Amino acid sequence: MLTPEIMDYYRQGGERDRLAAGAGRLEFLRTWDVLTRVLPDPPAVVLDVGGATGVYAGPLA
């Protein structure tokens, strides 16, 4: 169960654009770099657990 503060944060879209600019963009690019190195070649089955807004799950699908 999420606390009301966390639910409010996600409802307001707090994570929606966080990885688009600044340090968040670096985080996104580095994470994507790591994913492309460790994930198997397609077609593959990938389970995204706790992926927040799905910024990585969408492209992986």
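In whole percent, and with a 1.4 Å probe on the protein chains, what portion of the accessible area of the chain is carbon and sulfur? If you can, show how the numbers build up before the last one.
On the way: 3080 of 5110 Å².
With neighbouring chains kept in place, the figure for the chain is 60 percent.
Ala21 sits among other residues whose Cβ lies under 15 Å from its own Cβ, and their net charge, with Lys and Arg +1 and Asp and Glu -1, is +1. When shorter helices are ignored and each DSSP H run of at least 4 residues is given -39500 (n - 2.57), the per-residue value for the chain at 222 nm works out to -14000 deg cm²/dmol. Estimated translational diffusion coefficient (Stokes-Einstein, Kirkwood radius over Cα pairs, 4 °C, 1.567 mPa s) of the chain: 98 µm² per second. Charge dipole (Cα centre; +1 on Lys/Arg Cβ, -1 on Asp/Glu Cβ; no other charges) of the chain amounts to roughly 120 debye.
Between Met1 and Asp48, what's the calculated FRET efficiency when r is the beta-carbon distance and R0 is 22 Å? Round to 0.05. Working shown, then result.
Values: r = 21 Å, r/R0 = 0.94.
After rounding, the FRET efficiency stands at 0.60.
The accessible-area ordering, largest first, of the residues Asp41, Asp8 stands as Asp41, Asp8, per a 1.4 angstrom probe.
Taking every protein chain into account, the 1.4 Å probe leaves Glu27 with about 80 Å² of accessible area, to the nearest ten. Relative to the longest principal axis of the Cα atoms of the chain, the long axis of helix 22-38 lies at roughly 30 degrees.
The values are calculated or read from the model by the stated rules, or taken from the named source; none is laboratory data. Since the structure is predicted, the reported quantities are computational estimates derived from the model, not experimental observations. So basically every Cβ, Gly included, is an ideal-geometry build from the backbone, and we count neighbours across all protein chains shown. Heavy atoms of the whole protein, side chains included, go into the accessibility calculation; ligands, DNA and RNA do not. Shrake-Rupley method; radii C 1.70, N 1.55, O 1.52, S 1.80 Å.
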